[in-house]
Structure formats: structure tokens, C-alpha cells
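The values are calculated or read from the model by the stated rules, or taken from the named source; none is laboratory data. Computed from a predicted model, the values in this text were never measured in an experiment. FYI the Cβ positions are ideal-geometry reconstructions off the backbone, even for glycines, and counts take in every protein chain you see. To get the accessible areas, we keep the full protein, side chains included, count just its heavy atoms, and leave off ligands, DNA and RNA. Shrake-Rupley method; radii C 1.70, N 1.55, O 1.52, S 1.80 Å.
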Amino acid sequence: MKHVPRLTLDDAKMMMRAAEQKAMEIGVDMDIAIVDDGGNLLLFQRMDNARITSITIAIDKAFTAGAARKSTRAYGEVSGPGAPAFGINSSIQGRFMIFAGGLPIYIDDQPVGGIGCSSGSPDQDETVAQAGIDALRNNLA
């Protein structure tokens, strides 16, 4: 039987604090979502001035990264016309995100979830998501 690590609510809360701190550091209020390895929402936070239209986007970025186990940026790179994943963004009732800001979360090479951020530029969204992942890894080290 295979034993796999699981992302806990406490893990998600710690990641959220780190992501929020990074968002404040770069001066962009964010919508931040964290999901388990099946893409199920564990934690969501909308900072005061984050875009209302980015709520669903952040959740869907986390869903895509967690369930598909690949960054949303990576899917964007292979989903243009003529590319191998062209049209994937219309799958799963349009929930599949293909722009940066969603990152898969791995512990000991095992997928445990995803984090998605939205309201900034794609690079800012990804930077905030990475801060959450880095905090988790540092806590486990």
C-alpha cells in the first residue's frame, strides 16, 4: 500500500499567511486559494482591495494546478493554436486555467494540492503563490 502525505488545514493556513505577507510586500491585494490534491478547496482569502472578478479565477487556478499537477503557466505554454493542449482551457466547464498564478504543491515528490493567486500581473500572482509553497517547504525542513 502506498502512503502519501496530505495537506492539512494548518498547512494551508501557514501557506496563506506567507502568501498574504508576500502580497503585502509587493503591494498587491490578492485573492488566494489553496486546494487539496483532488482540487477541493481547503482555504480561500480575499484581501481587502483584491479584484472581485479574480475570486473565481484564483480558485480555478488552484484547482487546475492541484488536480492536474502542473502549473497554470506551463499549460498556457502548450495550449495555443496548434499546440498539444490547444482548447484545454474550455474543459471542465471552463475551470481549466492557462495563465500564470496557479502552482502545484508537492511534498517528497508527492502531489498534495495547489495554490492559486489572482489580482496582480501573472508574474505577481505566481510570486505570491510560490511564497506560500516556500513557507510550507521551510516548515517541513
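Figures for the structure shown
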{"item": "Highest to lowest packing among 63-76, 128-141, scored as the average C-beta count within 10 Å", "result": "63-76, 128-141"}
{"item": "Solvent-accessible area per residue, Å², over region 9-141 with all protein chains present [probe radius 1.4 Å]", "result": "47 Å²"}
{"item": "Spin-label proximity, ASN40 to region 68-107 - amide N less than 18 Å from point 7 Å beyond Cα toward beta carbon", "result": "68-69, 105"}
{"item": "FRET efficiency, ARG137 to ALA83 (Cβ-Cβ, R0 41 Å, nearest 0.05)", "result": "0.85"}
{"item": "Over the chain: helical MRE at 222 nm, DSSP H runs n ≥ 4 each giving -39500 (n - 2.57), nearest 500", "result": "-13500 deg cm²/dmol"}
{"item": "Peptides 101-111, 86-96 ordered by average Cβ neighbours within 10 Å, highest first", "result": "101-111, 86-96"}
{"item": "For region 1-53 and region 90-104, distance of Cα centres in Å", "result": "16 Å"}
{"item": "Computed label-point distance, nm, for sites ILE107 and MET24 using a 7 Å Cα→Cβ extension", "result": "2.6 nm"}
{"item": "Heavy-atom accessible surface of the chain: percent carbon and sulfur, 1.4 Å", "result": "50 percent"}
